[in-house]
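> One structure, as structure tokens, below. Some questions next.
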Amino acid sequence: MAILRWVLVFLILALIASVFGFGGAASSFAGIAKILVFVFVVLLVISFFFGGRAP
């Protein structure tokens, strides 16, 4: 769940940067957030397929 926290952090930073007119920084933060969402989804799918049951 730490990845989702980072996604939210970068999305909030992108929104704040876009409000203040920092277009380059906003697009960078949004790009990082997109990559982290993709990583989270891949790890979620892997954990569904290969995750063991708790004893």
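> Examine region 32-52 for a residue that is more than 14 Å from the chain's Cα centre (by Cα) and either modelled with pLDDT under 80 or at positive phi (or both), and state whether such a residue exists. Reasoning before the result, please.
To start, the set of residues in region 32-52 that are more than 14 Å from the chain's Cα centre (by Cα) comprises 45-52.
Imposing the further condition that a residue be either modelled with pLDDT under 80 or at positive phi (or both) reduces the set to 51-52.
There is at least one residue in region 32-52 that is more than 14 Å from the chain's Cα centre (by Cα) and either modelled with pLDDT under 80 or at positive phi (or both).
> Please enumerate the residues belonging to region 28-55 that are outside any helix (DSSP H, G or I) and open to solvent by less than 80 Å² (accessible area, probe 1.4 Å).
Quick first cut of region 28-55, residues outside any helix (DSSP H, G or I) only: 51-55.
Gly51, Gly52 - these are the residues of region 28-55 that are outside any helix (DSSP H, G or I) and open to solvent by less than 80 Å² (accessible area, probe 1.4 Å).
> Tally the residues that are open to solvent by less than 60 Å² (accessible area, probe 1.4 Å), in contact with a Phe, Trp or Tyr (Cβ under 6 Å, 6 or more places away or on another chain) and without any contact (Cβ under 8 Å) to a residue 40 or more places away in the chain, restricting the search to region 1-16.
Number of matching residues: 2.
> Same structure again: For Ala25, indicate whether it is open to solvent by less than 70 Å² (accessible area, probe 1.4 Å) and under 21 Å from Ala2 (Cβ atoms).
Criteria not met by Ala25.
> Are any of the residues in region 13-20 under 9 Å from the mean Cα position of the chain (by Cα), of a type in the set (A, V, I, L, M, F, W, C) and at pLDDT 80 or above? Can you show your working first?
Filtering region 13-20 down to residues under 9 Å from the mean Cα position of the chain (by Cα) leaves none.
The answer is no; no qualifying residue exists.
The values are calculated or read from the model by the stated rules, or taken from the named source; none is laboratory data. What you are looking at is a predicted structure, and each value in this text was computed from that prediction instead of being measured. So basically every Cβ, Gly included, is an ideal-geometry build from the backbone, and we count neighbours across all protein chains shown. Just so you know, the surface numbers come from the protein's heavy atoms only, side chains and all, with ligands and any DNA or RNA stripped out. Shrake-Rupley method; radii C 1.70, N 1.55, O 1.52, S 1.80 Å.
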